[in-house]
Amino acid sequence: QVQLVESGGGLVQPGGSLRLSCAASGSINSIYPMGWYRQAPGKQRELVATITSGGSTNYADSVKGRFTISRDNAKNTVNLQMNSLKPEDTAVYYCRIQMGLRTYWGRGTQVTVSS
């Protein structure tokens, strides 16, 4: 079994920054693609950013140039640096790991951007 635990969410003013972290633990015997997704109230969960085992990244158009995803393979962690935050970034942010045909999700961390 695999567990993902997100941290770093909170309340921030527009234009501010937050750094999310996700720690993976359990039966992880290799380096797997990981990513961040988010779900706003009344909306479907959407991709924010992903990072492959080799470090290649992909971003949603809405966050390009503002968010940066990174990983520490030795610690099995993935981070999301979020700058220039906007009210429309308000959502629950989820961490995901893709292990072959198996997908695991964290429980999410709330990010609220409001003045």
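Beta bridges from DSSP with both residues in the chain: antiparallel share about 95 percent, rounded to the nearest 5. Kirkwood radius and radius of gyration were both taken over the C-alpha atoms of the chain, and their ratio Rg/Rh is 0.96. For the chain, with all protein chains in place and a probe radius of 1.4 Å, 47% of the accessible heavy-atom surface sits on carbon or sulfur. As a ratio to 2.2 N^0.38 Å, the alpha-carbon radius of gyration for segment 11-78 is 1.22. Remark: the Ile31-Leu47 segment gains 3.8 nm on full extension, using 0.36 nm per residue and subtracting the alpha carbon distance. For the pair Ser115 and Ser21, label points projected 7 Å from Cα toward Cβ lie 3.2 nm apart. FRET efficiency for the Thr103 to Gln13 pair, using the beta carbon distance and R₀ = 30 Å, is estimated at 0.30. To make sure I understand the rule: partners must be aspartates and glutamates, Cα under 19 Å from the Cα of Lys43, and not fewer than 8 residues away in the same chain. Which ones qualify? Within the straight-line limit of under 19 Å, Lys43 reaches these aspartates and glutamates: Asp61, Glu88, Asp89. Rolling a 1.4 Å probe over the protein heavy atoms gives the chain an accessible area of 54 Å² per residue.
The values are calculated or read from the model by the stated rules, or taken from the named source; none is laboratory data. Given the structure is predicted, the values throughout are model-derived calculations rather than measurements. In this analysis, Cβ positions are derived from the backbone assuming ideal geometry, glycine residues included, and neighbour counts consider all displayed protein chains. Quick note on the areas: whole protein, heavy atoms, side chains included, nothing else; ligands and nucleic acids left out. Shrake-Rupley method; radii C 1.70, N 1.55, O 1.52, S 1.80 Å.
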